Amino acid sequence: MKFERKDILGIKELSVDEINFILETAESFLEVSTRKIKKVPTLRGKTIINLFYEASTRTRTSFEIAGKRLSADTINISSSTSSVVKGETLIDTARNLEAMNPDVIVIRHSASGAPHLLAKLVKQSIINAGDGAHEHPTQALLDMMTIKEHKGKIAGLKVAIIGDIEHSRVARSNIYGLSKMGANIIVAGPATMMPRDIEQMGVKVFNKIEEAIEGADVIMMLRIQLERQKQSIFPSLREYSQRYCLNRNNIKLARKDVIVMHPGPINRGVEISPDIADDPSFSVILNQVNKGVAVRMALLYLLTGGSE
Amino acid sequence: MYHRPRLTLMSNKNIKTVMDKDGIERCLTRVAYEILEKNKGMENIVLVGIRTGGVYLAQRLQKKMSDIEHGKIPLGILDITLYRDDISASNKKPRLGETKISFSLDDKIVVLVDDVLFTGRTIRAAMDALIDFGRPKMIQLAVLIDRGHRELPIRADFVGKNLPSSLWEAVRVDLVEKNGVDEVVIEEGT
């Protein structure tokens, strides 16, 4: 299999072969993070810029660690401490960064399509670390890797995705990815958080969490994104949690060996009850974070490991 | 009897078999004894096979050495891709295999195993990788074929067969575990 991509912008445009190849490569990178000396010289002399226009702990740290473990130089730019606050446009920022000759630009932006714009403008590889409510491809890849590890496969599994589907780039990328890989996807959430054309993505839609998680192999809880909701689309957090929180009671409807995932950060007691989030017999949330570094190492390796 | 008809019919290459199944077996048996002789037994010895050919050879050596000494010798697997010196220069993105060394290398005598010793660049990469895993007491090198043309000051401690070759020839080691047949062949472009 040849991996010829310049950028990783979304799961939508990746083929099943490409996804499998990325996951296989990531498997091999897991080992590096278990060594005493967690560093290999592969990307020595390469420069990776993390350009984050939105807050992030996990994704930014994960990309930075991934780059550093491959011996690349990583530079973090967050909007609050950059010339963005002086009014510089994304395009101008990108052109200036391009002039400093980095090899990869990782971007997170609140506007859907921002990474795609960058990919057209600059010659460097672009990795989408989340664009608005559009895609978050590295999250979907690490989710698929986590599922594969626990279930041995993805095809044929029943995966329930619960919460704010409309505003969730994690949900969108996972729906693209998991349906390509042959999973049966069920979504549930309040009607105000459900995209109107969601059925066209090949998923089953339910209104109640109980209907959705019945017999599920995997439950993916989404974060209620308070920062994206200018006008409230549900009456109160308490009402939301009464109807959609995953807890000891409703999880019994799922399969006994169900795994519970969450992209983080968790709103404890809102979308997931603390005892479920912290219960290692269900929760694989920290495992997801662990896989994230390997997936990002794989992508940085594949994008820079010999381009030009 | 047709001997590998597909290869001879479909390629214009001149293929010469230089070692057969028995030849490989005898070489490995001798190398197993040599390793034990040089190190006065199996104490502190660990084998590390370089993906992919070296892994199978290391497994065979492990079995032979364990049979001779009635003990178990640890075996690790090393993928040197991340340590290659041509990774950013070339267009290839080599498929990455898993490295599996589940024991400490500190103060061990590490015997690196590979199928063909050629430029020496693979071994340079392998040694860099090993050092990242610990501080071996010693690193020794065992290869099935030494075909010459070194580009680095590296030599093997244990050699199955010296095979002087020209740069236009390719030396290929086929192993049952990988290609379904045990043989060493020289391919020459016509």
Self-check item: Sparsely packed GluC sites (Glu not before Pro) within the range A:86-162, loop by DSSP, other Cβ within 10 Å at most 15
Solution: A:GLU88
Quiz item: Expressed in nm to one decimal, what extension gain is obtained for the pair A:ASP197 and A:ILE233 from 0.36 nm per residue of sequence separation less their Cα-Cα distance?
Solution: 11.1 nm
Quiz item: Comparing A:GLY182, A:GLY202, A:GLY87, which has the greatest mean-square fluctuation in the GNM of chain A with Cα pairs linked when under 10 Å apart?
Solution: A:GLY87
Quiz item: Mind checking the angle between helix B:53-69 and chain B's longest principal axis? C-alpha axes, 0 to 90 degrees, to the nearest 10.
Solution: 50
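Determine the share of the protein assembly as shown's accessible area contributed by carbon and sulfur atoms, expressed in whole percent, with a 1.4 angstrom probe.
Here it works out to 51 percent.
About the Cα centre of the protein assembly as shown, what is the dipole size in debye to 20, counting +1 per Lys and Arg Cβ and -1 per Asp and Glu Cβ, all else neutral?
220
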Quiz item: Could you give me the ³J(HN,Hα) list for the range B:108-125, computed from phi with Karplus coefficients 6.51, -1.76, 1.60 and θ = phi - 60°, whole Hz, x at Gly and Pro?
Solution: 9, 8, 8, 9, 6, 10, 9, 7, 10, 9, 10, 6, x, 5, 4, 5, 4, 4
Quiz item: Using heavy-atom solvent-accessible surface (probe 1.4 Å) with all chains present, what is the largest-first order of A:THR93, A:THR61, A:THR34?
Solution: A:THR34, A:THR61, A:THR93
Practice problem: Between beta-carbons, use under 13 Å as the cut-off and find the net charge around B:LYS100, counting Lys and Arg +1, Asp and Glu -1. | Solution: -2
Quiz item: So what are the range A:155-201's ellipsoid semi-axes, whole angstrom, largest first, if each one is the square root of 5 times an eigenvalue of the alpha-carbon gyration tensor?
Solution: 18, 10, 9
Quiz item: Is there a simple number for the mean count of other chain Cβ atoms within 10 Å of the Cβ of residues in A:298-304, and what is it?
Solution: 2
Quiz item: For A:35-41, what's the mean count of beta carbons from other chains sitting within 10 Å of each residue's beta carbon?
Solution: 5
Quiz item: For peptide A:163-176, how many partner chain Cβ atoms fall within 10 Å of a residue's Cβ, on average?
Solution: 0
Quiz item: Chains A and B: what accessible area do they bury, summed, in square angstrom to the nearest 100, with a 1.4 Å probe?
Solution: 1800
Quiz item: Expressed in nm², what is the orientationally averaged projection area of the convex hull enclosing the Cα positions of the range A:103-165?
Solution: 5.7
Quiz item: Within the P(r) computed for chain B, what percentage of the Cα pairs occupies the region above 21 Å?
Solution: 53
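What percent do you get for the relative contact order of the range A:84-238 when only Cα pairs under 8 Å and 6+ apart count?
Relative contact order for the range A:84-238 comes out at 19 percent.
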Quiz item: Over the range A:129-227, with a single point scatterer placed on each C-alpha, what log10 of the ratio I(q)/I(0) does the Debye formula yield at q = 0.21 1/Å?
Solution: -1.07
Exercise. May I ask for the equivalent-ellipsoid semi-axes of chain A, computed as the square root of five times each C-alpha gyration tensor eigenvalue and listed largest first in whole Å?
Key: 32, 22, 17
Quiz item: With respect to the cross-link table entries A:LYS6/B:LYS100; A:LYS12/A:LYS153; A:LYS151/A:LYS204, which display a Cα-Cα separation exceeding 27 Å?
Solution: A:LYS6/B:LYS100
Quiz prompt | Cα-based radius of gyration of the range A:200-308 once divided by 2.2 N^0.38 Å, which approximates compact folds | solution = 1.29
Exercise. Working with all protein chains in place, sort B:ARG124, A:ARG268 by solvent-accessible area computed with a 1.4 Å probe, largest first.
Key: A:ARG268, B:ARG124
Quiz item: Whole-Hz Karplus ³J(HN,Hα) for the range B:134-143, in order, using 6.51 cos²θ - 1.76 cosθ + 1.60 and θ = phi - 60°, x for Gly and Pro?
Solution: x, 10, x, 5, 6, 10, 10, 10, 10, 10
Practice problem: Report, largest value first, the span of the C-alpha coordinates of the range A:1-131 along each principal axis, in whole Å. | Solution: 43, 34, 26
Quiz prompt | Alpha carbon centroid spacing (whole Å) that separates the range A:135-182 from the range B:117-180 | solution = 43
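Sequence gap at least 6, Cα distance under 8 Å: using those rules, report the relative contact order of the range B:71-190 to the nearest whole percent.
20
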Exercise. Give a residue-ordered list of calculated ³J(HN,Hα) values for the range A:210-219 (Karplus: 6.51 cos²θ - 1.76 cosθ + 1.60, θ = phi - 60°; whole Hz; x for Gly, Pro).
Key: 4, 5, 6, 8, 4, x, 6, 8, 9, 10
Quiz item: Taking amide hydrogens as modeled 1.01 Å from N in the peptide plane, which residues meet the under 5 Å criterion relative to B:ASN162, leaving out close sequence neighbours?
Solution: B:ASP146
Quiz item: Taking springs between alpha-carbon atoms closer than 10 angstrom, which of B:LEU167, B:LEU144, B:LEU112 fluctuates most in the Gaussian network model of chain B?
Solution: B:LEU167
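In the range B:19-135, what % of DSSP beta bridges are antiparallel (nearest 5)?
10
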Quiz item: If you find the alpha carbon centre of the range A:199-274 and of the range B:49-80, how far apart are they in angstrom?
Solution: 50
Practice problem: Report the paramagnetic label zone for B:ILE68: residues of the range B:44-59 whose backbone N is under 20 Å from a point 7 Å from Cα along the Cα-to-Cβ axis. | Solution: B:44-50, B:54-59
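The values are calculated or read from the model by the stated rules, or taken from the named source; none is laboratory data. Values in this document were obtained by computation on a predicted structure and should not be read as measured data. Note that each Cβ is placed from the backbone with ideal geometry, even for glycine, and that neighbours are counted across all protein chains shown. When the accessible area is computed, the model is the full protein with side chains, heavy atoms only, and any ligands, DNA or RNA have been set aside. Shrake-Rupley method; radii C 1.70, N 1.55, O 1.52, S 1.80 Å.
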